[in-house]
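The next block holds one structure in the form of structure tokens; read it before the comments.
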Amino acid sequence: MSGIGRDLVATCWTTAGSAQPDAPSERSPFSARNRVSAAADAGFAGLGFALDDLEVVRDTIGFEELRAHADRVGIRHLEVELVKDWWRDPEDTPWRARWDVIRDVARVFRSPMVKIAPPPAPTVTSFAPFVDPFRRLADEAAAIGTRLALEPLPFAGISSLPQGSDLVRAVDHPHAGLAVDFWHVFRAGTPLDELRRTLDPSTVVGVELNDADAEPEAGRTLFEDTRDNRRYPGEGAQDVVGFIRTMADLGWSGPWGVEMLSIEHRAKTLEDALDAARDTTLRCLALADAQPQPAHQG
């Protein structure tokens, strides 16, 4: 029997068409209902949505109807993002209103995870301003049965998975964890051996796959690289198979997110984009499954 699962989740940008992160509007040209149907038709177990799309759902068919539609077509996993500025005073910034919407969606969707953003660059030198706010937000996540997934970004204040692990360890809350996106692992320069040493498997809430060229395109920022130049798993220069094997050895048994962001991906039809993401990822999962476990795993 295969040791690595084949359930895939199309994270929000994978089905978002021409929408891009941090654009004036992150709203997809595809309706949420059509995205759910397309993901189910392509064999995905789940998909994700960003807040701008969720606000459209709220004002049209409603969250309950989208969850019911997902149930009808066999989509089990619906995840939502992104909570920003959660460490700030809610009286001083609008983050709280955004969180209230996302919290309501996660409750109705029965979402297993809600992504939260790290603070902006430069890399923080102290976790002190973030531990208590993270813990308070985790209390609220626990009340609706979901977990928070902090996503370290190499161009942000929490810039690597080892650093993110240290913060989550300091928060020490069962509903506070990490989203482990492979792009952010290799672009932060984190070797797989270091990832294996520093990740507490119990804190991993989600794992996301993608690929990239060996180095960012000259003259492009890391953000531009992650937004425009990702490759499908196995079609770039990174060790996707080794990463999958590492996460499996650490005990990850949940679905594999496929987070595709690229000019090439955004130009495809929704159906072609999902087919490409699925086929390339399944090939990498099969290759990882064929690799023997390291001797120290027993």
Practice problem: Could you check ALA214 against (1) outside any loop (DSSP other than H, G, I, E, B); (2) over 26 Å from ALA50 (Cβ atoms) and say which number it fails? | Solution: (1)
Exercise. Determine if the stretch 53-65 includes at least one residue that is part of a loop (DSSP other than H, G, I, E, B), out of contact with any Ser or Thr (no Cβ under 8 Å at 6 or more places or on another chain) and exposed (fewer than 15 other Cβ atoms within 10 Å of the Cβ).
Key: yes
Quiz item: Quick one: what pairs do we get from the stretch 105-123, first residue more than 18 Å from ALA32 (Cα to Cα), second among the polar types (S, T, N, Q) and surrounded by 15 or more Cβ atoms within 10 Å (Cβ to Cβ), C-beta under 6 Å, 6+ apart or different chains?
Solution: THR123/SER159
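Quick test for you: out of ALA149, ALA141, pick the one residue that is buried (at least 23 other Cβ atoms within 10 Å of the Cβ) and either touching a His at 6+ places or on another chain (Cβ under 9 Å) or charged (D, E, K, R) (or both).
Unique residue meeting the criteria: ALA141.
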Self-check item: Residue tally, condition in a helix (DSSP H, G or I) and more than 12 Å from ALA117 (Cα to Cα), over the stretch 135-192
Solution: 25
Quiz prompt | Identity of the residue in the stretch 217-238, closer than 20 Å to GLY157 by Cα and either among the polar types (S, T, N, Q) or surrounded by fewer than 20 Cβ atoms within 10 Å (Cβ to Cβ) (or both), that ends up farthest from the chain's Cα centre (by Cα) | solution = ARG220
Exercise. Would you mind stating whether ARG103 is over 21 Å from the mean Cα position of the chain (by Cα) and part of a helix (DSSP H, G or I)?
Key: no
Exercise. Report yes if some residue within the stretch 26-41 is basic (Lys, Arg), at pLDDT 95 or above and closer than 17 Å to HIS265 by Cα; otherwise report no.
Key: yes
Exercise. Evaluate the stretch 202-211: report whether one residue or more is surrounded by 15 or more Cβ atoms within 10 Å (Cβ to Cβ), over 25 Å from ASP22 (Cβ atoms), within 16 Å of the chain's Cα centre (by Cα) and in contact (Cβ under 8 Å) with a residue 40 or more places away in the chain.
Key: yes
Quiz item: Consider ASP132 against the criteria (1) outside any loop (DSSP other than H, G, I, E, B); (2) in contact (Cβ under 8 Å) with a residue 12 or more places away in the chain; (3) touching a helix residue (DSSP H, G or I) at 6+ places or on another chain (Cβ under 9 Å): it satisfies all of them except one. Which criterion is unmet?
Solution: (2)
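The values are calculated or read from the model by the stated rules, or taken from the named source; none is laboratory data. Owing to the predicted nature of the structure, the values given are computational and were not obtained by experimental measurement. Because the Cβ atoms are built from the backbone with ideal geometry, glycine has one as well, and the counts that use them run over all protein chains shown.
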